[in-house]
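What follows is calculated from the coordinates using simple rules that are stated; it is not laboratory data. Just so it is clear, the model here is predicted, and its values are computed rather than measured. All Cβ positions, even for glycine, are placed from backbone atoms using ideal geometry, and neighbour counts span all protein chains on display.
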Amino acid sequence: MILEELKFPIGIFKKPKKITTEILSSYINDILTFPEKLRLEVKNLSDAQLDTQYRTNGWTIRQVVNHCADSHMNSLTRFKLALTEDQPIIKPYYEERWATLADSYKMPIEPALKILEGIHERWVFLLNNLTKKQLERTFVHPEHGKIFRLDENIGFYAWHCNHHLAHITTLKHTKRW
């Protein structure tokens with residue numbers, strides 16, 4: 001596999017021209033089912049396997065799982081900011097630096113899996129109760145210099161779930177685990 005395929009095993013996120021109710025439901029379902037799918041993929045992995053990089057100069061599976069917890073906590077907060085403030089400027093964070101902290105690369109993954117289960121349960125409840133007008137609310141991401149709509153961001157996070165899940169499943173397939 002070439003480096004780009006290892007880095008983006010499902011490709012990069014492509015926003016559809018129109019986000020229909022069906023597309024949105026599919027996105028929300030991906031977010032809903034991610035914690036369980038992730039848990040199933042990592043449940044029988046040894047510490048040595050969890051500490052294996054999914055690609056050269058990439059994160060370990062342990063770091064990927066912890067990154068998802070960090071990222072999805074931030075995303076839920078961004079959604080709530082966009083729903084309660086007028087076009088807030090969100091605070092970006094250095095995910096690559098967070099991945100070097102001890103709670104990302106040393107500790108067991110069970111706490112991150114529990115965080116993901118709780119975050120996703122609340123997040124999906126919120127997403128399923130948004131009005132059309134709320135789905136159009138926005139936030140500003142200063143790192144990208146772009147305004148993001150919530151319905152678009154739901155799609156991005158559905159992709160994010162599947163993207164990182166594919167890092168793990170691709171590595172498991174390659175290593176024949």
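Taking 7 Å steps out from each Cα toward its Cβ at W177 and E136 produces label points 4.6 nm apart. Please list, or write none, the lysines whose alpha carbon is within less than 28 Å of the alpha carbon of K114, excluding same-chain residues fewer than 8 places away. Of all the lysines, those that pass the test against K114 - Cα under 28 Å, at least 8 places apart if same chain - are K7, K37, K43, K80, K91, K106, K172, K175. Computing Rg and the Kirkwood Rh from the Cα coordinates of the chain gives a ratio, Rg/Rh, of 0.96. Using the Karplus relation 6.51 cos²θ - 1.76 cosθ + 1.60 with θ = phi - 60°, the per-residue 3J(HN,Hα) values for the range 131-142 come to 7, 4, 5, 5, 5, 8, 5, 9, 9, 9, 9, x Hz, with x marking Gly and Pro.
Which of L150, L101, L38 ends up with the largest GNM mean-square fluctuation for the chain, with Cα atoms connected below 10 Å? Of the options given, L101 has the highest mean-square fluctuation.
K7 to K43: FRET efficiency via 1/(1 + (r/R0)^6), r the Cβ-Cβ distance, R0 25 Å, to the nearest 0.05? Working from the Cβ atoms, E equals 0.50.
The label-point distance for F156 and E36, in a model that sets each label 7 Å from Cα toward Cβ, rounds to 2.8 nm. Among the GluC sites (Glu not before Pro) in the range 70-177, those placed in a DSSP loop whose Cβ has at most 15 other Cβ atoms within 10 Å are E85, E136, E143. Where in the chain are the helices, taken as whole DSSP H runs, whose Cα atoms extend 15 angstrom or more along the long axis and whose Kyte-Doolittle mean reaches at least 0.0? Helices passing the filter in the chain: 21-42, 110-128. One Cα centroid belongs to the range 92-121, the other to the range 54-69; the line between them spans 10 Å. Dipole size of the chain about its Cα centre, with +1 on Lys/Arg Cβ and -1 on Asp/Glu Cβ: approximately 280 debye, rounded to the nearest 20. Largest mean-square fluctuation among A112, A48, A99, in a Gaussian network model of the chain whose springs join Cα atoms under 10 Å apart, belongs to A48. For the range 77-100, the residues whose backbone nitrogen is under 13 Å from a point 7 Å from the Cα of I147, taken along Cα to Cβ, are 86-89.
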